[in-house]
Amino acid sequence: MSRIDIHERVQAQGRLRVAQGRQRRRRTVTRRDGVRVEVDGRWLTGFCSNDYLGLASQFEVGAALQDAAAREGAGAGASHLVCGHHALHEQLEREMADWLGVPRALLFGSGFAANLAVQQALLLEEDDVCVQDRLNHASLIDATRLAGCRLRRYPHLDAEGAMRQLRNATGGAAMLATDGVFSMDGDIAPLRALARVARDEQALLYVDDAHGIGVVGPQGRGSIAEAGLGVDEVPLHLATLGKALGGYGAVVAGDAGLIEHLAGTARPYLYTTALPPALAAASLAALKLARRDDWRRERLHELIELFRAGAGRLGLDLMASTTPIQPLLCGGEAAASAMSAAVEAAGFMVTAIRPPTVPEGRSRLRVTLSALHTPPQVQALLAAIAQARDRVPAADRHDTDR
Ligand SMILES: *Cc1c(COP(=O)(O)O)cnc(C)c1O
């Protein structure tokens, strides 16, 4: 009998990753204070968190979590449909729907689970199709695999490419799915053009706005509001609670009938424990601040401009992003890792993002900015990056074709 041994397969894959320099290493944070993080006993200034508005460490948010936990305990105890659905969940759904300007919102334990749920519940047949931007988040891609329908991808930001893919895949139902703000590039999807394509091709437009919520659009309502669109054009979208809102979890927001269907049929919704009620309380506090505090977005945009102007003067390889995600292309994987290590030696934490998260030859330092950073911190980071670039040998920087 021939059978592949799973242990051997795992070991072979591990050796391959080492040979390719693609091992992934977790860093353990022992203490945090705003954007400062203690890693391996050393305090660094972090430029890689998604806590864009600084709400994760905001006093009112932590206090809401503590108060609710003191009253309600740690866990929800059961799934939403059994007996885990708490009034705090209900209130968070209502207030998120109100903020985002949609009829309804449904709370999930994570954005990853929410994306799985949406496609599994709506794309039911093998000849259904999900048409996706090539740089969409991994959870959107995996969701199509789970749904078991056809997956078609189009070149990044290319609405015409999306139209062609939809025209070539007729027969079943169609969803057009895109990140609102792209997680590794920081650029924004052409939502108005995609909405026209979706309307013309009778596809349901789904926008994963994990990185747009709180950051872009009026009152931080995200990339859909920024594009002047609403629930008529984008019947469903994802808003995460773990990024700009500084907590954990996600909501799917949009059309009441579709949301009702998700709540009644989506397996990643039904068969999982509800989010701890105290976390819902934290998100309620965060949402109030995200909605109200335009100064956080203004600060952020000043820092983005400062960073881009400085990086431009230094000749760094910026990408076309107006959001707090400001990646610097390094080319090869070794170069990105070496740059990250050199910048860390200078006191900054900036993660290198390498394949398979990004395409070959597009490894980068993914710099992210927060409203809590100060202009001198941004200037010091730029100086450290420039110095690192001058130290990392040019051969390393071009070790992979661009
Ligand atoms: C982070 C992220 C998710 C997953 O959200 P979690 O709540 O962290 O599971 C989904 N989509 C995009 C684009 C993301 O960046």
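The values are calculated or read from the model by the stated rules, or taken from the named source; none is laboratory data. None of these values were measured; they are calculated from a predicted model. Backbone-built Cβ (ideal geometry, glycine too); neighbour counts: all protein chains shown. Side chains are part of the model used for accessible areas, which takes the heavy atoms of the whole protein and leaves out ligands, DNA and RNA. Shrake-Rupley method; radii C 1.70, N 1.55, O 1.52, S 1.80 Å.
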Assuming R0 = 51 Å, what is the FRET efficiency of R308 and S2, from their Cβ-Cβ distance, to the nearest 0.05?
0.35
Once ligands and nucleic acids are excluded and a 1.4 Å probe is used, how much of D390 is accessible, expressed in Å² to the nearest 10?
110 Å²
Measuring from centroid to centroid over Cα atoms, what is the spacing of the range 312-341 and the range 17-37 in Å?
18 Å
Nearest 5 percent is fine: what portion of the DSSP beta bridges confined to the range 63-211 is antiparallel?
5 percent
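Heavy-atom accessible area per residue, the chain, 1.4 Å probe: how many Å²?
Values: 18330 Å² over 402 residues.
Each residue of the chain exposes 46 Å² on average to a 1.4 Å probe.
Cβ under 13 Å from E160's Cβ, E160 left aside: what net charge do those residues give with Lys, Arg +1 and Asp, Glu -1? The partial results should precede the final answer.
Working: positive: R164, R167, R196; negative: D133, D158, D200, E201.
Summing Lys/Arg as +1 and Asp/Glu as -1 gives -1.
With a cut-off of 8 Å between alpha carbons and a minimum separation of six or more residues, what is the relative contact order of the chain in percent? Provide the component values of the computation, followed by the final result.
Working: 814 pairs, mean separation 83.2, N = 402.
Worked out over the chain, it gives 21 percent.
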What nm value, rounded to one decimal, do you get for the distance between Q379 and T265 when each label is placed 7 Å out toward the C-beta?
5.9 nm
Rounded, prolate or oblate, given the Cα gyration tensor of the range 1-148, with a/c below 1.5 counting as rounded?
oblate
Whole-Å distance, taken between Cα centres, linking the range 41-115 and the range 249-306
7 Å
DSSP loop (so not H, G, I, E, B), at most 16 other Cβ within 10 Å: list which GluC sites (Glu not before Pro) in the range 262-361 pass both filters.
E360
For D200 and D294, extending 7 Å from Cα along the Cα-Cβ vector and measuring point to point gives, in nm, a value of 3.6 nm
Reduced Cα scattering model of the range 59-292, Debye log10 I(q)/I(0), q = 0.12, 0.15, 0.17 Å⁻¹:
-0.61, -0.94, -1.18
In 20 Å bins starting at 0, how do the alpha-carbon pair distances of the chain split up by percent?
26, 56, 17, 0
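Report in % the part of the accessible area of the chain that belongs to carbon and sulfur, leaving out ligands and nucleic acids; probe 1.4 Å. Can you show the working numbers first?
On the way: 9200 of 18330 Å².
That fraction is 50 percent.
Would you calculate, for the chain, the mean residue ellipticity at 222 nm contributed by helices, counting each DSSP H stretch of 4 or more residues as -39,500 (n - 2.57) and dividing by all residues, to the nearest 500?
Values: 15 runs with 172 residues, N = 402.
Result for the chain, helices only: -13000 deg cm²/dmol.
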Taking the simple approach of a point 7 Å from Cα along Cα-to-Cβ for both A346 and F59, what is their distance in nm?
3.5 nm
So if each residue of separation counts as 0.36 nm, and I subtract the Cα-Cα distance between A70 and R25, what length gain in nm does that give?
12.7 nm
At a probe size of 1.4 Å, how large is the accessible area of E72, to the nearest 10 Å²?
80 Å²
